[in-house]
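The values are calculated or read from the model by the stated rules, or taken from the named source; none is laboratory data. Please read these numbers as outputs of a predicted model, since none were measured by experiment. Cβ sites come from the backbone with ideal geometry, for glycine too, and all protein chains shown count toward neighbours. Surface accessibility is based on the protein's heavy atoms, side chains included, excluding ligands, DNA and RNA. Shrake-Rupley method; radii C 1.70, N 1.55, O 1.52, S 1.80 Å.
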Amino acid sequence: MNRKDYGKGKNIDTLVQTRRRGRPPSNLTEKDITQQKISDEILTQLSFEGLTDDQIEVLKSTLNDTLKQYAIKKDEQSEKSVLDINMEVLEAFLASKRIESKSQTTIYNYGNEISKMFLHINKDYRELTSDDIRNYMDYRKMHDHLSDTSIHNIRMYLLSFFKYLMIEEKIRKNPMDKIGVVKKDKKVVEFLTDEELEMIRCACTNERDIALVDILSGSGMRVSELCGLNRDDVDFDRGEMKVYGKGGKERMCYLTGRAKVHLRWYLESRTDDNPALFVTTKKPYNRLSKNGVEYALKEISKNSKIPEIRLYPHKFRKTLATQMINRGADASQVQKILGHQDVSTTLSVYTNISNDTIRRAHHQFVS
């Protein structure tokens, strides 16, 4: 048997020299190293002179066993694509957020933004650097023309994700540690005046829509909370509604006298047996969704004498907060009504304190 019969034509003497030098060169690929190990096994077997046919068969069997051994020991993770690895850890992260009772919208936003980052960078999550994150955020801002507020939100999603990876000891270094806070432009809060609210009410063409507007404007609840209400969540005697806010937190919202009247009239006019408080106007009378509320408000705005005003559910919430602050309500009271966890959110985002209110406060508290 010729000493060049094995090793796929490689010079066996060269392989012998490589073996004698110890560890293989660092620039060899995994495949080359594996091939060299196989060659070493061959050399061990060829150290005997004059192999018989039976010995050759034993040699072949040994080589096959060696190949199987390396196949078994090969890291299963290396068989997966980078995207598969990243999506697995992302799903584990989203599962942790579901356990924390985060809203479906929040979980969607986490998954949407983090998966976009993975697709853009295309690196194993354990290898991501601060420069990778920074370049990605810059790309989103310049290419997708995102506002500073949107970039700030992306940063917050990534902060939460990489914090989870650190806690779970899936990474040793947090690439977000060097990503600074995104400065957001202070925008004037949009709210409706008393006159605009009345014109919107007058533009409603059915009892459902006027009840919808009265509850949104008088309670300050979120649209998701309104869509989740059932008939038995309303206590007309006490003028209260039990709502479930972010994180499944339960709180009470309150009905104005006007809202109580129109909501009762709306419920009395219904012929369906759906337990939802608000349903579609056409059969099969399904529970009203967020998109359904937005569409209804859009149609109301078109029918009003102020069609140029952009009308959306959250605008009623901002309006209520602004009205209460301007009429002397304490910020902590507004916080409870809106269901905010932190009063700073109430003051910094949802209120637009008028000059008259500031002037009255100055006269009251400053001598």
For this session: With a 1.4 Å probe and all protein chains in place, put ASP177, ASP330 in order of accessible area, largest first.
Result: ASP177, ASP330
Exercise. For LYS318, what accessible area in Å² do you get when you roll a 1.4 Å probe over the heavy atoms of the protein chains, rounding to the nearest 10?
Worked result: 40 Å²
For this session: At 1.4 Å probe size, with every protein chain present, just tell me what the per residue accessible area of segment 101-198 comes to in Å².
Result: 64 Å²
For this session: Using a 1.4 Å probe over the heavy atoms of the protein chains, calculate the carbon and sulfur portion of the accessible area of segment 225-290 as a whole percent.
Result: 48 percent
Problem set entry | Heavy-atom SASA rank of ARG222, ARG126 (probe 1.4 Å, accessible area, largest first) | ARG126, ARG222
For this session: Rounding to the nearest 20 debye, state how big the charge dipole of segment 237-294 is about its Cα centre with +1 on each Lys and Arg Cβ and -1 on each Asp and Glu Cβ.
Result: 180 debye
Seminar exercise, completed: Across the alpha-carbon set of segment 190-253, Rg over Rh with Rh taken as the Kirkwood radius works out to 1.00
Exercise. What's the FRET efficiency of ASP194 with ASN153 using the Cβ-Cβ distance as r and R₀ = 35 Å, to the nearest 0.05?
Worked result: 0.60
Exercise. Extension gain ILE99-ASN135, at 0.36 nm per residue separation less the Cα-Cα distance, in nm?
Worked result: 9.8 nm
For this session: Rank SER217, MET241, GLY228 by how far each Cα sits towards the positive end of the charge dipole of segment 185-243 (+1 on Lys, Arg Cβ; -1 on Asp, Glu Cβ) and give me just the farthest.
Result: GLY228
Problem set entry | Links that overshoot a 28 Å alpha carbon limit, given the list LYS249/LYS282; LYS102/LYS315; LYS116/LYS298; LYS97/LYS336; LYS123/LYS290; LYS290/LYS336 | LYS249/LYS282; LYS116/LYS298; LYS123/LYS290
